[in-house]
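Participant: Below is the structure I would like to discuss, written out as structure tokens.
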Amino acid sequence: MKKLIFLGLFIGLAVSGQSALVDDFESYQPGVISQVTGGNWVPVYGGAGTDPGADSTVRQIAVDPTNSSNRVIYVETNNTGQYGMYGVIPSADAIKDGTIGTLFCQFYVTTTALDQSFGLTSIDSPTSGGFANFNCQVALVRGNLLVRNGGSSQTVGTFQANTWYYLWIVVNNSSNTYSVYIKTTPSPATSADRVATDFAFRTSGTDGDLDRFYTIANYGSNITAGTRLHFDNIVTSPGENLSVYVSGAAFNPSPANGATNVPLDVVLSWNTGVDPANPEQVNPNITKHYLYLRHTEPNFVGMTPITIPAAGASASYTPPALFIEADRTYYWRVDESINDSSPTDPNTIRGGVWSFKTIPAVPYIEEQPSEVRVDGSNPTPPPAVFTVKFRSELSAAQPTWKKYADGVNDTVLTAGSKYSISWTDTVTTLSISNPGVSDQGYYYCVLTNLTGSTTSQQAPLIVNRLLARQLQ
Ligand SMILES: [Ca+2]
Ligand SMILES: [Ca+2]
Ligand SMILES: [Ca+2]
């Protein structure tokens with residue numbers, strides 16, 4: 001989990017002290033949390049219904065459904081058991097017993113047909129006990145927003161699907177009470193956004209430092225299996241801090257995160273991080289970009305970044321000739337230097353890890369051949385034409401067209417009076433003259449370059465015949 005201190009990256013920081021990004025999920029590869037978060041996020045089973053298992057796909061790091069260059073975490077209900085997860089808040093960033101502190105997070109659901117709670121607990125390993133572990137508990141229950149007040153939950157509003165919510169839990173860990181603020185626009189909360197005021201900790205919770213973000217999904221009637229509750233940008237602050245988290249990191253990568261078939265002459269580009277004090281604008285204090293790029297692993301261990309001067313809203317980098325190779329997955333990351341901060345300076349804003357996969361070394365097919373139908377009643381039918389579009393980046397590809405027919409198997413077609421074959425660097429066609437019943441079958445193409453071969457799908461040639469003559 002990140003321990004980056006985002007000092008000064010908050011709008012209207014209301015108190016002295018440092019806000020801390022607990023997690024924005026950008027440093028993980030997508031996948032099941034038990035396998036990709038290095039123990040920062042831990043699956044839990046609440047003890048009721050069926051345990052989906054720690055390695056179940058119900059809890060994942062995933063791409064933000066609204067922004068392909070952002071990563072988030074989710075719990076998906078399967079409506080058969082009570083389960084969830086917790087994230088470790090580093091001790092220095094916990095809301096300490098006897099102090100006031102704020103938890104900020106964002107959430108997003110795919111339908112409102114769920115029953116899932118999230119919030120804070122002091123229990124270090126809340127792997128059993130389910131809902132009773134919460135100190136501070138916000139619940140999303142079939143469209144209603146609830147907040148726990150001591151021994152019972154109170155409905156304080158509603159929520160919608162397919163909307164990112166910004167939520168603050170301001171905790172008084174002396175009086176063991178908390179207030180909740182929620183809104184849908186990325187601007188600081190005000191008293192108008194407060195839905196719960198000084199609610200008591202859940203009575204069964206254990207008092208102490210609030211040092212785990214915790215979420216548990218329930219099961220029951222009117223819950224839709226497959227509903228996902230996503231979280232992003234979990235931040236703690238000392239005192240009351242009603243600002244929205246602004247990462248300030250580079251964003252909008254090209255190639256898009258996860259792009260495939262990327263050409264070897266790719267140019268990397270991105271947008272410069274925004275000004276946390278004015279998120280509509282580029283951060284004027286970003287003076288350099290530090291670019292990390294490699295194909296062996298996504299953590300850039302031991303790498304010295306490439307330094308690129310920052311100038312304006314975007315930047316780009318052209319890798320040297322022959323650097324980018326076919327058939328590889330590349331990882332890259334852009335960190336933003338604040339007033340020439342060094343790559344390891346905590347003021348440098350670390351970016352998310354992006355990846356792309358380059359073109360295969362063998363030819364690859366961009367458009368498969370399509371079925372051809374021939375009018376059997378036409379004594380002089382036009383040629384039947386099959387087309388395959390392809391790319392072969394590393395060396396020229398040659399096509400071999402073949403026919404498959406039941407009982408005959410695969411026949412290599414040679415140019416002559418029946419077949420004509422043409423090709424360029426990107427397209428090949430097979431033309432069959434005077435197509436008739438004996439030409440019925442499946443046609444396909446094998447493209448071969450210096451590295452290897454790729455075979456297209458098979459496309460049928462069908463002769464339509466009049467099956468019955470209508471009586472006069
Ligand atoms: Ca994120
Ligand atoms: Ca604890
Ligand atoms: Ca307390």
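Nothing in this text is a laboratory measurement; each read-out follows from the coordinates by a stated rule. The shown structure was predicted, so the numbers you read here are calculated from the model rather than taken from an experiment. Cβ: placed from backbone, ideal geometry, glycine included. Neighbour counts: every protein chain shown.
Participant: Would you mind working out the magnitude of the charge dipole of the chain relative to its Cα centre, with +1 at each Lys and Arg C-beta and -1 at each Asp and Glu C-beta, to the nearest 20 Debye?
Facilitator: 960 debye
Participant: Please work out the Cα center distance from segment 161-190 to segment 109-144, rounded to the nearest Å.
Facilitator: Cα centres, segment 161-190 to segment 109-144: 15 Å.
Participant: If I take R0 = 22 Å and measure r between the Cβ atoms of THR318 and ALA259 in this structure, what FRET efficiency does the formula 1/(1 + (r/R0)^6) give, to the nearest 0.05?
Facilitator: 0.85
Participant: Ok, one more. Can you tell me the alpha carbon radius of gyration of segment 334-471 divided by the globular rule-of-thumb value 2.2 N^0.38 Å?
Facilitator: Cα-based Rg divided by the globular estimate yields 1.71.
Participant: State to the nearest 20 debye the size of the charge dipole of segment 364-464 about its Cα centre, where the only charges are +1 on K and R beta carbons and -1 on D and E beta carbons.
Facilitator: It comes to approximately 140 debye.
Participant: Oh, and also: So if each residue of separation counts as 0.36 nm, and I subtract the Cα-Cα distance between GLN457 and THR414, what length gain in nm does that give?
Facilitator: Full extension of this stretch gives 13.5 nm more.
Participant: Arrange the following residues from fewest to most other Cβ atoms within 10 Å of their Cβ: CYS136, CYS105.
Facilitator: CYS105, CYS136
Participant: Let me ask another. Answer with one residue from SER122, GLN160, ILE234: the one whose Cα lies farthest towards the positive end of the charge dipole of segment 20-238, charges on Cβ with Lys, Arg +1 and Asp, Glu -1.
Facilitator: Projecting each Cα onto the dipole axis, the largest value belongs to GLN160.
Participant: Provide, for the chain, the number of lysine pairs with alpha carbons under 17 Å apart, each pair being eight or more places apart or on different chains.
Facilitator: Eligible lysine pairs with Cα atoms under 17 Å apart amount to 4.
Participant: Restricting the calculation to Cα positions, tell me the Rg (one decimal) and the Dmax (whole number) of the chain in Å.
Facilitator: Taking only Cα atoms of the chain, I get Rg and Dmax of 29.4, 99 Å.
Participant: If we sort 154-161, 234-241 on the protection proxy, mean other Cβ atoms within 10 Å, highest first, what's the order?
Facilitator: 234-241, 154-161
Participant: What ³J(HN,Hα) values, in whole Hz, does the Karplus curve 6.51 cos²θ - 1.76 cosθ + 1.60 give for segment 303-319 when θ = phi - 60°, with x put for Gly and Pro?
Facilitator: The phi angles translate into 7, 9, x, 7, 9, 10, x, 8, 8, x, 7, 8, 8, 8, 8, 9, x Hz.
Participant: Something else now. Helix-only mean residue ellipticity at 222 nm, the chain, DSSP H runs n ≥ 4 weighted -39,500 (n - 2.57), per residue, nearest 500. What is it?
Facilitator: Mean residue ellipticity, 222 nm, calculated: 0 deg cm²/dmol.
Participant: Still on this model: Taking the Cβ of each residue in PHE134, PHE231 as the centre, tally the other Cβ atoms inside 10 Å and list the residues starting with the fewest.
Facilitator: Final ranking by Cβ density, sparse to dense: PHE231, PHE134.
Participant: Moving on. At 0.36 nm per residue, and after removing the present C-alpha to C-alpha distance, how many nm does the segment from THR387 to ASP51 gain when stretched out fully?
Facilitator: That works out to 115.8 nm of additional length.
Participant: With r defined as the distance between the Cβ atoms of SER438 and SER174 and R0 fixed at 56 Å, what FRET efficiency is calculated, to the nearest 0.05?
Facilitator: 0.05
Participant: Cβ under 12 Å from ALA459's Cβ, ALA459 left aside: what net charge do those residues give with Lys, Arg +1 and Asp, Glu -1?
Facilitator: The answer is +1.
Participant: Turning to a different aspect of this structure: With N denoting the number of residues in segment 336-415, provide Rg(C-alpha) divided by 2.2 N^0.38 Å, to two decimal places.
Facilitator: It is 2.23.
Participant: Going by C-beta contacts inside 10 Å, put ILE306, ILE349 in order with the fewest on the left.
Facilitator: In order of increasing Cβ crowding within 10 Å: ILE306, ILE349.
Participant: Inverting the mean 1/r over all pairs of different Cα atoms, compute the Kirkwood radius of segment 57-168 and quote it in Å.
Facilitator: 15.5 Å
Participant: State, as an integer percentage, the relative contact order of segment 20-238 based on alpha-carbon contacts under 8 Å between residues 6 or more apart.
Facilitator: Result for segment 20-238 is 31 percent.
Participant: With unit charges on the beta carbons (Lys and Arg positive, Asp and Glu negative) and the dipole taken about the Cα centre of the chain, which residue among ILE324, LEU394, ASN285 sits farthest to the positive side?
Facilitator: LEU394
Participant: Another question, if that's okay. For segment 313-413, give the magnitude of the charge dipole about the Cα centre (Cβ charges: +1 Lys/Arg, -1 Asp/Glu; no others), in debye to the nearest 20.
Facilitator: Result for segment 313-413 is approximately 220 debye, rounded to the nearest 20.
Participant: Which whole-Hz ³J(HN,Hα) couplings does segment 213-230 yield from phi under the Karplus relation 6.51 cos²θ - 1.76 cosθ + 1.60, θ = phi - 60°, glycine and proline marked x?
Facilitator: Computed from phi, the couplings for segment 213-230 are 7, 9, 9, 9, 9, 9, 9, x, 6, 6, 10, 9, 4, x, 5, 10, 9, 9 Hz.
Participant: Further, regarding this structure: As an exercise, use a Förster radius of 51 Å and the Cβ-Cβ distance of THR155 and ASP345 to find the FRET efficiency, rounded to the nearest 0.05.
Facilitator: The formula returns an efficiency of 0.60 here.
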